Amino acid sequence: MRILIVEDDTLLGEGLVTALKRQGDTVDWLQDGASAIVALKSESFDLVVLDLGLPRADGYAVLSAVRGAGNRVPVLILTARDQVADRVRGLDLGADDYLVKPFDLHELLARIRALHRRAQGQTSNVIVHGDIRLDPAAHLCTYKGKMVDLPRREFALLRTLIENAGRVLTRDAVLQRVYGWDESLESNALEVHVHHLRKKLYPELIRTIRGVGYLVEAPQ
């Protein structure tokens, strides 16, 4: 899952990036609302964690721009504003959830998983594709009941392809969900990840659509 954090508190932002990457997510972080509006117009994210008290454009302005453009990305507001009126305004502008600072990190991660689960139409945090089971919360993968050791990017790649089973994803779309802005990328890194997944699971799992991208077939 690719998550955009929009938070101007440096200490909190760094902590969120670390926690989300630890559970296997790809994370990008911005510290002002104007930059967030631009990023959400030009790139694709699976979820946004949005502060309200931002420089250059507040969280309400970001929400208005995002929903006004027809972008349905799930948005979780994370703010120190605890008045009912603030929550009502944020939810009415299109936010999907609201968490007041200070908060418990485990609750935040659970809310993020719940929002993504609903957006994907899933009823469980565990993602099942044939004999493959992924548990993003525990960063665990099993194949035919046996544990499969997957580094963070391989896990993120497999999750992205399985959640989009039956759809061809372009190379650029896959890279956006596996690598954040601040992460270096070797020219053949994606191909190496795909090779490792085929070897650890089974060769027919991921099809290369030449000149386009990758496909995991929908389960029968």
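When you go through 140, 197, 201 one by one, which is the residue that is within 21 Å of the chain's Cα centre (by Cα), buried (at least 19 other Cβ atoms within 10 Å of the Cβ) and outside the structural domain of residue 21 (by TED's automatic domain parsing)?
Just one listed residue meets the conditions, 197.
Filtering region 61-71 down to residues that are in contact (Cβ under 8 Å) with a residue 12 or more places away in the chain and outside any helix (DSSP H, G or I), which residue is farthest from residue 103 (Cα to Cα)?
69
Only one residue in 28, 97, 46 is over 15 Å from the mean Cα position of the chain (by Cα) and outside the structural domain of residue 178 (by TED's automatic domain parsing). Which one?
Checking each option against the conditions leaves just 97.
Within region 62-71, can one find any residue that is closer than 27 Å to residue 135 by Cα and modelled with pLDDT of 95 or more?
Taking every residue of region 62-71 in turn, none turns out to be closer than 27 Å to residue 135 by Cα and modelled with pLDDT of 95 or more.
Looking only at residues in region 83-117 that are surrounded by fewer than 16 Cβ atoms within 10 Å (Cβ to Cβ) and among the β-branched types (Val, Ile, Thr), which one is nearest to residue 25 (Cα to Cα)?
Filtering first and then ranking leaves 100.
Report, ordered by the first and then the second residue, all pairs with beta carbons closer than 9 Å, sequence separation of six or more or different chains, a first member in region 1-21 that is in a loop (DSSP other than H, G, I, E, B), and a second member that is surrounded by 20 or more Cβ atoms within 10 Å (Cβ to Cβ) and among the hydroxyl-bearing types (Ser, Thr, Tyr).
1/26; 1/160
For the condition out of contact with any Ser or Thr (no Cβ under 9 Å at 6 or more places or on another chain), among the small types (Gly, Ala, Ser), surrounded by fewer than 22 Cβ atoms within 10 Å (Cβ to Cβ) and closer than 24 Å to residue 162 by Cα, what is the one hit in 19, 80, 69, 65?
Every option except 19 fails the conditions.
Could you list all residues from region 56-94 that are touching a helix residue (DSSP H, G or I) at 6+ places or on another chain (Cβ under 8 Å), farther than 21 Å from residue 1 by Cα and among the polar types (S, T, N, Q)?
79
Kindly establish whether residue 35 is of a type in the set (S, T, N, Q), within 16 Å of the chain's Cα centre (by Cα) and closer than 23 Å to residue 1 by Cα.
Considered against the rule, which asks whether it is of a type in the set (S, T, N, Q), within 16 Å of the chain's Cα centre (by Cα) and closer than 23 Å to residue 1 by Cα, residue 35 comes out as no.
The values are calculated or read from the model by the stated rules, or taken from the named source; none is laboratory data. What you are looking at is a predicted structure, and each value in this text was computed from that prediction instead of being measured. Note that we place each Cβ from the backbone using ideal geometry, even for glycine, and neighbour counts take in every protein chain shown.
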